[in-house]
Amino acid sequence: MIKRNSGFANLTAGYLFPEVARRRREYQEKNPQAKIISLGIGNTTEPLPLFIAKAMADYSMALATKEGYSGYGDEQGNSELRKKIAEVWYRGMAEADEVFISDGAKCDIARIQTLFGSKVKIAVQDPAYPVYVDGSVIVGAAGKNNGKGYKGVTYMPCTPENNFFPDLSKVKKNSLIYFCSPNNPTGACATKEQLKALVDFANANGCIIIYDGAYREFIQDPALPKTIFEIEGSRTCSIEINSFSKPAGFTGVRLGWSIVPKDLKFADGASVNRDWNRVMTTLFNGASNVAQAGGIACLEAEGLKAMKDVIDYYLVNGDKIAETLRGENFKKAGVEVYYTGNSPYVWAKFAGRKSWDVFDKILSEANVVTTPGSGFGPAGESFIRFSSFGHQEDVKEACQRLSKLEF
Ligand SMILES: *Cc1c(COP(=O)(O)O)cnc(C)c1O
């Protein structure tokens with residue numbers, strides 16, 4: 001018989017979202033009259049802007065004509081889209097041949113690990129988006145879990161005590177450092193000074209930063225960096241992974257991109273960009289041409305405006321949730337609220353309580369689903385993540401119920 005990939009054997013159950021769904025279902029079965037509202041998911045809820053949807057519809061219809069039909073495109077992506085991303089979102093900080101179009105950021109985060117193999121050391125923010133660690137476990141780079149975490153992974157706590165920016169001194173030389181800003185789940189957004197410290201550390205210690213910028217379009221404060229490539233020195237130590245999922249509501253359409261600078265080198269001097277090009281042309285066959293037509297529309301003036309409107313819509317929800325959690329009933333219970341207005345997540349600390357206990361209380365007493373912070377890593381214990389993805393009328397109703405909660 002064939003032996004199982006030992007990486008899979010090392011994988012501990014990814015139980016966060018299935019467990020959230022199970023508890024919700026169980027509660028609903030026992031309380032069929034309850035109208036449950038979810039502030040738990042990190043999934044977009046608002047319809048696609050018409051301008052963007054129409055670009056995809058037009059492209060699809062053209063595929064039914066002799067003139068408009070096209071089959072396989074360039075595996076690295078439509079050259080117009082690559083160019084537009086470089087121009088509109090990177091303004092000279094990246095060139096078109098450093099932009100690779102994909103079917104989404106999560107898929108790129110998984111694929112990128114093939115570049116580094118099973119021997120590479122890993123460092124992640126704690127708490128973090130689960131795929132950084134789980135993907136590393138599957139490729140064999142994380143080792144076994146001893147109950148406190150995976151042996152090959154350095155966890156970098158990001159807490160109110162350190163202003164959600166990690167102590168880098170614990171990170172080993174030659175590590176891959178996963179860094180997400182604006183952060184899921186904490187909502188923290190790194191400043192230029194913080195990213196400069198990260199870049200300087202990576203350059204001095206032979207590390208490569210995998211920078212996840214999926215929430216960049218939520219950044220409202222003009223002083224905050226929207227890409228790692230705004231930072232001097234970043235081109236010799238950073239890869240950026242990004243996505244149309246959150247800014248354009250493409251969670252179902254599927255479209256993302258990565259930036260791999262030509263200045264980035266492996267220890268032997270080989271070009272990372274060249275190997276990534278090889279991965280994308282060999283293991284991937286290009287993103288959907290329909291989705292890419294939508295991506296091009298996103299980056300036209302009308303598309304950019306439409307994306308901004310949807311983000312503003314979600315941020316109204318975020319503001320409302322943060323305001324609710326700063327209300328008297330939460331204050332009396334000692335709840336601390338972390339919300340920057342530069343991300344769709346509100347992160348709240350219920351000191352002295354377990355995340356899952358707070359989750360259960362909010363579900364049973366307010367019929368609102370949240371996400372327990374402990375599911376994102378040990379440093380997330382006692383926190384709850386509230387998501388602002390949702391219809392405004394639902395979020396308003398959820399907030400009314402939350403404001404009546406007693407602790
Ligand atoms: C939602 C999200 C993504 C986007 O993933 P896609 O595969 O592009 O949908 C990437 N990173 C983080 C941290 C996210 O929360």
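Tabulated values for the structure
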item: Simple Cβ-charge dipole of the stretch 11-107, Lys/Arg +1 and Asp/Glu -1, about Cα centre, in debye nearest 20; result: 720 debye
item: Net charge of Cβ neighbours under 13 Å - reference Asn285; Lys, Arg +1; Asp, Glu -1; result: -2
item: Given charges at Cβ of Lys, Arg, Asp, Glu: the chain dipole, positive-most of Met61, Phe116, Ser181; result: Phe116
item: Residue of Thr65, Thr371, Thr186 that the Gaussian network model of the chain assigns the largest fluctuation, springs spanning Cα pairs under 10 Å; result: Thr65
item: Tensor-based shape of the stretch 319-407 (alpha-carbon gyration tensor, a/c under 1.5 rounded, otherwise prolate or oblate); result: rounded
item: For Arg235, Arg22, order by how many other beta-carbon atoms lie within 10 Å, fewest first; result: Arg22, Arg235
item: Between the stretch 147-207 and the stretch 246-322, the alpha-carbon center distance in angstrom; result: 22 Å
item: Loop-located GluC sites (Glu not before Pro) in the stretch 1-88 whose Cβ has at most 12 other Cβ within 10 Å (DSSP); result: Glu67
item: Computed over the stretch 162-240: relative contact order in percent, which uses C-alpha pairs under 8 Å that are six or more apart; result: 34 percent
item: Sites matching chymotrypsin sites (Phe, Trp or Tyr not before Pro) across the stretch 223-322 that sit in DSSP coil, with at most 15 neighbouring C-beta atoms within 10 Å; result: Phe266
item: Antiparallel DSSP beta bridges within the chain, percent to nearest 5; result: 50 percent
item: Residues Lys3, Lys265, Lys404, sorted so that the one with the fewest Cβ neighbours within 10 Å comes first; result: Lys3, Lys404, Lys265
item: Length-normalised contact order for the stretch 1-133 - Cα pairs under 8 Å, 6+ apart - percent; result: 11 percent
item: Theoretical gain in end-to-end length, Arg401 to Asn203 [0.36 nm per residue, Cα-Cα removed]; result: 66.4 nm
item: Ranked list, fewest to most other Cβ atoms within 10 Å of each Cβ, for Met93, Met61, Met1; result: Met1, Met61, Met93
item: Summed residue charge, Cβ within 14 Å of Gly7's Cβ, Lys/Arg positive, Asp/Glu negative; result: +4
item: Proximal charge balance of Trp257 [Cβ under 11 Å; K/R count +1, D/E count -1]; result: -2
item: Difference of contour (0.36 nm per residue) and Cα-Cα distance, Val88 to Ala57; result: 8.8 nm
item: Per-pair calculated FRET efficiency, R0 = 30 Å: Glu393 and Glu161 via Cβ, rounded to 0.05; result: 0.20
item: Positive-pole candidate from Ala190, Val131, Phe8, dipole of the chain, charges at beta carbon; result: Phe8
item: Low-density loop cleavage sites - chymotrypsin sites (Phe, Trp or Tyr not before Pro) in the stretch 35-71, where at most 11 other Cβ are within 10 Å (DSSP); result: Tyr69
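Rule-based calculations on the coordinates, nothing more; no lab input. Quick caveat, the model's predicted, so the values are computed rather than measured. All Cβ positions, glycine included, derive from the backbone under ideal geometry; neighbour counts span all protein chains shown.
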